[in-house]
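The values are calculated or read from the model by the stated rules, or taken from the named source; none is laboratory data. For clarity, every value in this text was computed on a predicted model and none was experimentally measured. Don't worry about glycine lacking a Cβ; one is built from the backbone with ideal geometry, like all the others, and counts go over all protein chains shown. Surface accessibility is based on the protein's heavy atoms, side chains included, excluding ligands, DNA and RNA. Shrake-Rupley method; radii C 1.70, N 1.55, O 1.52, S 1.80 Å.
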Amino acid sequence: MAFERVCSLSEVEEDEALGVTVGAYDVAIARHGEEVFALQNMCSHAAVALSEGEVEDCTVECWLHGSRFDLRTGKPTGLPATEPVATFPVDVRDDAGSLAVWVDTDTTLNGVTPA
Ligand code: FES
């Protein structure tokens, strides 16, 4: 399927991830400054949407038990989660004068197979 447009960049808040559906997957779009990241929108500890947690210091927090996941690597930075979540390639493209976020869920950046 390759890259698909998922949202405009302006929809992605600094402190909150945006939940979108890309192909077969729910994906959380989050930003750290000018960088944009896409992670599978499901905590690796239980089936909780990561887009409902807060984004801080290039991590997103799972609201249920508080594990944080590094937006770059998908790895948890603390317990109780121990497994990384899949991270997908992101491209920010000019879309008729404003910036849009594109994601490719055919592949993952960190080699984790999406659940
Ligand atoms: S469900 Fe996310 S840390 Fe437990």
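Quick one: accessible area per residue over the chain, 1.4 Å probe, rounded to a whole number of Å²?
Values: 5830 Å² over 115 residues.
For the chain, the solvent-accessible area averages 51 Å² per residue.
Using a probe of 1.4 angstrom, how much of the accessible area of the chain is carbon and sulfur, in percent?
Ligands and nucleic acids excluded, carbon and sulfur reach 48 percent.
State the percent of C-alpha pairs, over all pairs in the chain, separated by a distance greater than 24 angstrom. Each step should come with its number before you reach the end.
Details: 1041 of 6555 pairs.
Beyond 24 Å sits 16 percent of the P(r) for the chain.
Could you give the length gained on full extension between residue 56 and residue 24, defined as 0.36 nm per residue of separation minus the Cα-Cα distance, in nm?
Value of the extension gain: 8.8 nm.
By the 4.7 Å beta carbon criterion, which cysteine residues of the chain come out unpaired?
So far as the 4.7 Å Cβ criterion goes, 7, 58 stand without a partner in the chain.
At most 15 other Cβ atoms within 10 Å and a DSSP loop assignment: could you name the GluC sites (Glu not before Pro) in region 21-74 that fit?
34
Compare 10, 67, 98 by solvent-accessible area with a 1.4 Å probe and give them largest first, with all protein chains kept in place.
Heavy-atom accessible area, descending, gives 10, 98, 67.
At 7 Å along the Cα-to-beta-carbon direction for both residue 72 and residue 34, put a label point, then send me their distance in nm to one decimal.
Computed distance between label sites residue 72 and residue 34 equals 1.6 nm.
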